[in-house]
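Here is the structure we will look at.
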Amino acid sequence: MDLHERLLVQVSVRDVYDAATLAGHPGSGLVFTGQAGHDAVRMVRRAGYEGPLLADRRRYAGSARVRGTARLSADWIADQVEAGATAPLTDSGYIGEGDHEALHTILEQSLQWDDAIAVLPVHARWVSGDLGTLLRTVADYGSPVALVVEDGPPYPPIPLPLLSAGVAALGAMAYGASWGAIGVREVLRHLYPEPHEARGGWRRGGARSAFVVERLEFVPVERLREGTCGCSTCHGRPLRHLAEAEELHVNTHNTKALHGLHNRLLRATHRERWWQSLTEAAANTTAPPKGEPRPHPS
Ligand SMILES: [Zn+2]
């Protein structure tokens, strides 16, 4: 079992009992977030879950995040392997704008483990302005990587796996990324810049947002408008019914709708062209009121 062509669902450790509901379909998998992530991996594995499982320690996020020059933990790698993770993720710190030292330090340290995936949590400038440098550096080291892109201006699809992302993870797969992970809730779809400015309309954590396929974005449930959904959770009901639904129900719709898109991606004969037409159609959808903030095409 490996990650190839998988679209994973990034969840919190508290979602452990809903794992099979959120990621039970073929082609899926799970990323558990936080420093107990490997414990969740072990639990889900013991419960018989057969899809790929990862653990993202996420030391790179929040106000106490560490810089990418921090030493990577061998214990964290060993814990994941022992728990049955598909591949261990490094517990990388944050790579700020122009922080080449942090980028090189993470990639250099990752080489000590044969199959570890180097997590690269980057300032938005790395993908909007220095993408060539980033791609060359990653290629030079040759380790598998997973990118976490901090909120910032729009950037073109990147041919590298995205972790803790929005629908951009699927766009990356259309452009050659081997796999990707989309967060089950808003805080797991973003890396917020620090210090984080609380802005009007920004809601973190528990807010429920529903994925709207035609718009290629997550929309807060109370702002859902017309349209129906044929997924096996919605059964053709108007999308608006999600405004009254439990979070798990909304998130199950989300993973099923994304699974449907993922299947279409895998069947597309020309994936880049397919993604372009999809994003163009989404841009032409008259979309006010605005959905979840879109710091990058998500
Ligand atoms: Zn649905």
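Read-outs: derived from the displayed coordinates by stated rules, not from any lab. Quick caveat: nothing in here was measured; it's all calculated off a predicted structure. Note that each Cβ is placed from the backbone with ideal geometry, even for glycine, and that neighbours are counted across all protein chains shown.
Against the criterion of being surrounded by fewer than 22 Cβ atoms within 10 Å (Cβ to Cβ) and farther than 24 Å from M173 by Cα, A40 does not qualify. Of the numbered criteria (1) over 15 Å from the mean Cα position of the chain (by Cα); (2) within 16 Å of R59 (Cα to Cα), the one G176 fails is (2). Evaluate the following for D140: is it surrounded by fewer than 22 Cβ atoms within 10 Å (Cβ to Cβ) and more than 26 Å from N251 (Cβ to Cβ)? Against the criterion (surrounded by fewer than 22 Cβ atoms within 10 Å (Cβ to Cβ) and more than 26 Å from N251 (Cβ to Cβ)), D140 qualifies. The helices (runs of 4 or more DSSP H) found entirely in the range 15-103 that carry 3 or more residues being in contact with a Pro (Cβ under 8 Å, 6 or more places away or on another chain) are 74-83.
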